[in-house]
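Worksheet for the structure shown next.
Quick note: the coordinates plus some simple rules give every number you see, no bench work behind them. Predicted, not measured: the structure shown is a model, and the values here were computed from it. Cβ sites come from the backbone with ideal geometry, for glycine too, and all protein chains shown count toward neighbours.
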Amino acid sequence: MLRRCTICGERAVARAAPGRRYLCAKHYAEHFERRVARTVEKYKLLRGVERLLVAVSGGKDSVALLHALHRLYGDRVELVGLTIDLGIEGYSSPQVEAAKQNFEALGVEYRVVRLSKEYGFTIDEASRRRKLVRRPTCSVCGIVKRYIMNSVALEVSADAVATGHNLDDLSLFTLMSIAQGRVDDLVKLAPRTERAGRLVSRIRPLALVSGKETLTYVVVLGAPFHHENCPHAPSDGLRPKLSAMLEALEDSVPEFRRMMYTNIVSNLLPRITRPAEVETQTCMVCGMPASGKTCSFCRIRLRLVESGKNRVATSSLRG
Ligand code: AMP
Ligand code: FES
Ligand code: ZN
Ligand code: ZN
């Protein structure tokens, strides 16, 4: 049966939420943007932000983030785009392409950082040599992304970095941190983390919208995005299981994720006093904040790049 938009009577494309009103493309986009704007206001995400680095992977969430920020605040906040080519075969190139297409369509100034070109290694290499790196691939990837986002934010003098983490991601990470007793880590999952020395402020304007909503929004806008899963994403373990559990719970208790996340942000986070800031030292290699003499990024890079040089030297000696 053809559904009509409850606001204007045009052909409906989606529901505002399960059980809620039907909306046409224009009114769905407005509804989504209103929800993002409410999150921005509720958590004062743009307070003091004149120049904002928007990290866009090319996936649905960060593409939605870029469009919503551009439409809502493009006239008062200077947006600078960033996309990182992580060097994951068959995955990174189409993602970077999608990100670039969106920056160009909106006329947003942007930077592309190629991990292999600028730092001499790729995530595929970190995966092949994970014994040497001594970390799971996704953990390496997380460190790499955070490091590059922060360095570029400093370089372009951005007041904050915006990422496309959505409610599904944040409620899942929250639950995992609690289950694993990493209570201090909860602070990092807030919609906004403040600047601390050379660590630039982070904001998450999609914190209260779900993955289904961001997908509907980008489809409704007709924005290009890349929708494959990362080949390094673990298909087993706690994370996918908890994610499925939260999904099922949401079906029987609508809005569970939002309730859990917003309650934790409002009632629990203010009570967590972080132990003396962990990253109080300065990396002796790159000068960025570090928890020891060398930052995690430089440790990974040096292991991969230095051992690569040794391999070349050994094979030329043999030859
Ligand atoms: P993920 O860590 O893949 O869940 O991504 C979380 C957020 O980090 C995304 O919504 C983006 O804002 C940002 N991000 C992830 N990958 C990239 C990338 N390759 N380039 C730029 N930003 C990224
Ligand atoms: Fe980083 Fe998959 S996107 S390991
Ligand atoms: Zn309508
Ligand atoms: Zn360093």
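Of all residues in region 116-140, those that are under 27 Å from LEU52 (Cα atoms) and either more than 19 Å from the chain's Cα centre (by Cα) or surrounded by 17 or more Cβ atoms within 10 Å (Cβ to Cβ) (or both) total 7. Provide a single number: the residues in region 141-166 that are more than 16 Å from ligand 2 (Cβ to nearest atom) and either over 24 Å from GLY74 (Cβ atoms) or surrounded by fewer than 21 Cβ atoms within 10 Å (Cβ to Cβ) (or both). Residues in region 141-166 being more than 16 Å from ligand 2 (Cβ to nearest atom) and either over 24 Å from GLY74 (Cβ atoms) or surrounded by fewer than 21 Cβ atoms within 10 Å (Cβ to Cβ) (or both): 8 in total. Contact map, region 148-174: residues that are closer than 17 Å to GLY58 by Cβ paired with residues that are among the β-branched types (Val, Ile, Thr), Cβ distance under 6 Å, separation 6+ or inter-chain. Pairs shown: ILE148/ILE84; ILE148/VAL113; MET149/VAL161; VAL161/VAL200; ALA162/VAL54; ALA162/ILE203; ASN166/VAL209; ASN166/THR214. Residues in region 177-225 that are farther than 30 Å from GLU30 by Cα, in a helix (DSSP H, G or I) and under 18 Å from the mean Cα position of the chain (by Cα): 4 in all. Residues that are in contact with a Cys (Cβ under 6 Å, 6 or more places away or on another chain), of a type outside the set (Ser, Thr, Tyr) and assigned to a loop (DSSP other than H, G, I, E, B) do occur in region 18-25. Across region 42-78, what is the total count of residues that are among the hydrophobic types (A, V, I, L, M, F, W, C) and more than 16 Å from the chain's Cα centre (by Cα)? Total meeting the criteria: 4.
Checking GLU97, GLU89, GLU30 one by one, the residue that is assigned to a helix (DSSP H, G or I), surrounded by fewer than 20 Cβ atoms within 10 Å (Cβ to Cβ) and away from ligand 3 (no atom under 16 Å from the Cβ) is GLU97 and no other. Among the residues examined, PRO231 qualifies as outside any helix (DSSP H, G or I) and farther than 15 Å from ASP61 by Cβ. Could you say whether any residue in region 176-185 is surrounded by 18 or more Cβ atoms within 10 Å (Cβ to Cβ) and of a type outside the set (Gly, Ala, Ser)? The answer is no, given that none of the residues of region 176-185 is surrounded by 18 or more Cβ atoms within 10 Å (Cβ to Cβ) and of a type outside the set (Gly, Ala, Ser). Among residues of region 289-301 being under 20 Å from ASP185 (Cβ atoms) and buried (at least 21 other Cβ atoms within 10 Å of the Cβ), the one that is farthest from ligand 4 (Cβ to nearest atom) is ILE300. Counting just the residues of region 39-60 that are near ligand 1 (Cβ under 10 Å from one of its atoms) and farther than 10 Å from LEU79 by Cα, which one comes out surrounded by the fewest Cβ atoms within 10 Å (Cβ to Cβ)? So the residue we want is GLY59.
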